[in-house]
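Nothing in this text is a laboratory measurement; each read-out follows from the coordinates by a stated rule. Remember, predicted model here, so these are calculated numbers, not experimental data. Glycine also receives a Cβ, built like all others from the backbone with ideal geometry; neighbour counts cover every protein chain displayed.
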There are 6 protein chains.
Amino acid sequence: MSRSADALPTAMDLLAQLEAGAPNKVRANLDAFHPDTAELVLGWSFADVVGRDGIDLKTREMLTVAMLAAMGTAPGQLDFHMRAAMNTGVTREEIVEIVLQVAVYAGVPACMNAITSAKKAFAAVD
Amino acid sequence: MSRSADALPTAMDLLAQLEAGAPNKVRANLDAFHPDTAELVLGWSFADVVGRDGIDLKTREMLTVAMLAAMGTAPGQLDFHMRAAMNTGVTREEIVEIVLQVAVYAGVPACMNAITSAKKAFAAVD
Amino acid sequence: MSRSADALPTAMDLLAQLEAGAPNKVRANLDAFHPDTAELVLGWSFADVVGRDGIDLKTREMLTVAMLAAMGTAPGQLDFHMRAAMNTGVTREEIVEIVLQVAVYAGVPACMNAITSAKKAFAAVD
Amino acid sequence: MSRSADALPTAMDLLAQLEAGAPNKVRANLDAFHPDTAELVLGWSFADVVGRDGIDLKTREMLTVAMLAAMGTAPGQLDFHMRAAMNTGVTREEIVEIVLQVAVYAGVPACMNAITSAKKAFAAVD
Amino acid sequence: MSRSADALPTAMDLLAQLEAGAPNKVRANLDAFHPDTAELVLGWSFADVVGRDGIDLKTREMLTVAMLAAMGTAPGQLDFHMRAAMNTGVTREEIVEIVLQVAVYAGVPACMNAITSAKKAFAAVD
Amino acid sequence: MSRSADALPTAMDLLAQLEAGAPNKVRANLDAFHPDTAELVLGWSFADVVGRDGIDLKTREMLTVAMLAAMGTAPGQLDFHMRAAMNTGVTREEIVEIVLQVAVYAGVPACMNAITSAKKAFAAVD
């Protein structure tokens, strides 16, 4: 089977790699909504999919930043994954390149929003 | 300066790495629209941005596939970049992982469309 | 004919069902932009379309919440319709289910934004 | 726990309710991509989320049709869920109302695309 | 009042300016869906909104082409409005400029799709 | 050649027409991200594309406002271009018409967001 019944601990471990302190914070946010949410959403996202082998976590965060910046509909999540990208080893130079590439595929306004988000991550991780 | 006045030859070289035969085909398509288009659009996209150092071309194609699949508004371009990804060294296993990650960030229908596109690329590159 | 020339009073009545106090507030906002806006936009939206028979208002609000959460481009309107959904009889349990279903069709970030919006509505309607 | 390790049989049962013959067809399509896909994508979508209690399947299909029509990025999936909606008890009158409501929240072109899709479903289910 | 109860004849007149033969074709398509659709959708779109004074029809079609190309979710409607733009006096040179500007604000893939659509309109109107 | 190697001065001149004081502010923002950004992004956007002949700057700003309002993913840029539109000669009446037309092609929530943005521009330019 490609997934486990109790994926939450694995998901929490991955989330801790994205940002120290995130597991408790995200978990509390989701539990206050509905007790099934953490397992359904985080368990699936992080244990079943993002935690899979085949692409390393750093490259996955590069993909996530690119997708969120291109879609432009979740600025808070883009901020989080800009920091998570840096926490998993994506360099500033690489973030600059991703953000410029967003301009090509999703337009300059999407790039400008990503610049704002990247600068917040640069300041936060310093 | 971060860009050259005559970026088109550099862009055509990069496009040839994405798919053999693409430069002439894409160029003819754009020239039939307006003679400035190739230089303005391809020169900027491929010579000024995608051709930059800092991220290798294989990783850039992974980012492009993820963005196009997540946005879902350019199925023809997604088909092209699925093939281009494979032509620049992205493995089938990596494409599978990208496509599954699209489900997390852009939803299952976006993932299903990307599966269709990936399968066409798998068949074409065989 | 499927619409009336003077749809505004009907639209205002429906808007009052969505949230007490909304008609005056929304009307003042639109009138300050241009005097035709209320009739053109609200009259059409609420009297001509949403006010139609065939689907009850509660179910229509469930549809509206799902669409706004999936599109992700109007967070303020999503907040309003989360409250409106509850005001027209959508239960918290039903909102939880809609929000989880958004993850399937529009991705986890859209779901996370909808969770934030739903929690504000839960607190506001308490 | 809110999900089971082996969700695929449950998901296939739900998919059969959406359209007779769909489970084998969809499963074959996904298995030809990667053997984990069916369980990861369908198991999660249909067993873990859409198969939950709290909203009946007919109403869930109304929500899905509205979301897909509003997003406008997965026309093939919209066609499928238009038929699935009818197969789970959504009436033509209700589909008409959903499609008109899409015009309000996502614009007239989204509505026009949904009309095309709905008409195909009306003809297919006849 | 900013709208009339029976807007359909006015809408049909405007639609005829966009493309000869369109009123009958579009009307038949909508009537086959539901008899209220033409008045609700076309009456509002074309008589109440697009038919208003304040911006001439040619400029309105330029705006419509830009919006549809930037959103990228209604390729059939983009094809129609490319032709409609030319029929209301937008020149090929102006369409080229709009399409290039789409690249800046919505990305190169949106521009490429618009080029395909524009070339069809150029051929059709010849 | 359709573009110059050193497009930045031309781009800065155009940006100054959009809003007095914008060049220094935008430039400082981009330079703090990466020194190549201004030339790559602004040089291309404003010198190579938006600064082209064929459509006057006022009409281009109308197109930009319509696209940004329809996409709904860059509210800060929409605010800027609402003011820029007025600074390049777009009248309040014309902005009202654009904003209403957005409702037709992108839906009422997109229109409502554009109303909020337009009212801020009306107040700022007064």
Here the convex hull volume per residue of segment D:7-50, taken over Cα atoms and given in Å³, is 50
Place a +1 charge on the Cβ of each Lys and Arg in segment A:56-96 and a -1 charge on the Cβ of each Asp and Glu, then give the dipole magnitude about the Cα centre in debye, rounded to the nearest 20.
-> 60
Return one number: the angle in degrees, 0 to 90 and rounded to the nearest 10, between the long axis of the Cα atoms of helix D:108-125 and the longest principal axis of the Cα atoms of chain D.
-> 70
Counting pairs of alpha carbon atoms under 8 Å apart in space and at least six apart in sequence, what relative contact order in percent does segment C:57-125 give?
-> 40
GNM, chain E, Cα, under 10 Å: largest mean-square fluctuation among E:Asp48, E:Asp36, E:Asp79?
-> E:Asp36
Put +1 on the Cβ of each Lys and Arg and -1 on the Cβ of each Asp and Glu in chain D; which of D:Val125, D:Ser4, D:Val108 then has its Cα farthest toward the positive end of the dipole?
-> D:Val108
Beta carbon of chain A nearest to the axis of the rotation taking A to D, residue and angstrom distance | A:Ala5, 2
Dipole axis of chain E (+1 Lys, Arg; -1 Asp, Glu on Cβ), positive-most option in E:Pro35, E:Thr73, E:Val49 | E:Thr73
With only alpha-carbon atoms counted, please give the Rg and Dmax of chain F, in Å.
-> 14.9, 43
Karplus 3J(HN,Hα) series, Hz, for segment F:66-78 with 6.51 cos²θ - 1.76 cosθ + 1.60 (x for Gly, Pro) = 5, 5, 5, 5, 5, 6, x, 10, 9, x, x, 5, 5
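How would you classify the protein assembly as shown from its alpha-carbon gyration tensor, with a ≥ b ≥ c the square roots of the eigenvalues: rounded for a/c under 1.5, else prolate if a/b is greater than b/c, otherwise oblate? Don't skip to the end; give the middle numbers.
Working: a/c = 1.37, a/b = 1.00, b/c = 1.37.
It is rounded, given that a/c, with a ≥ b ≥ c, falls under 1.5.
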Using unit Cβ charges (K, R positive; D, E negative) and no other charged atoms, how large, in debye to the nearest 20, is the dipole of chain D about its Cα centre?
-> 280
State, to one decimal in nm, how far the label point of F:Ser4 lies from the label point of A:Asp53, with both points 7 Å from Cα in the Cβ direction.
-> 5.7
Label-to-label distances across copies for E:Arg92, with labels 7 Å out along Cα→Cβ, in nm, shortest first?
-> 4.2, 4.6, 4.6, 5.0, 6.5
Position D:Ala32, label points 7 Å along Cα→Cβ, spacing to each other copy in nm (shortest first, one decimal) | 3.0, 3.0, 4.8, 5.3, 5.8
Tilt relative to chain B, helix B:8-18 - C-alpha long axis, 0 to 90 degrees, to 10 = 20
Residue-by-residue Karplus 3J(HN,Hα) for segment D:19-26, coefficients 6.51, -1.76, 1.60, Hz, glycine and proline x = 7, 4, x, 5, x, 4, 5, 5
List the distances, in nm to one decimal, from the label point of B:Pro9 to the label points of the same position in every other copy, shortest first, placing each label point 7 Å from Cα along the Cα-to-Cβ direction.
-> 2.7, 6.2, 6.7, 6.7, 7.6
Debye, to nearest 20: dipole size of the protein assembly as shown, +1 on Lys, Arg Cβ, -1 on Asp, Glu Cβ | 0
Where does segment D:57-125 land on Rg(C-alpha)/(2.2 N^0.38 Å)?
-> 0.93
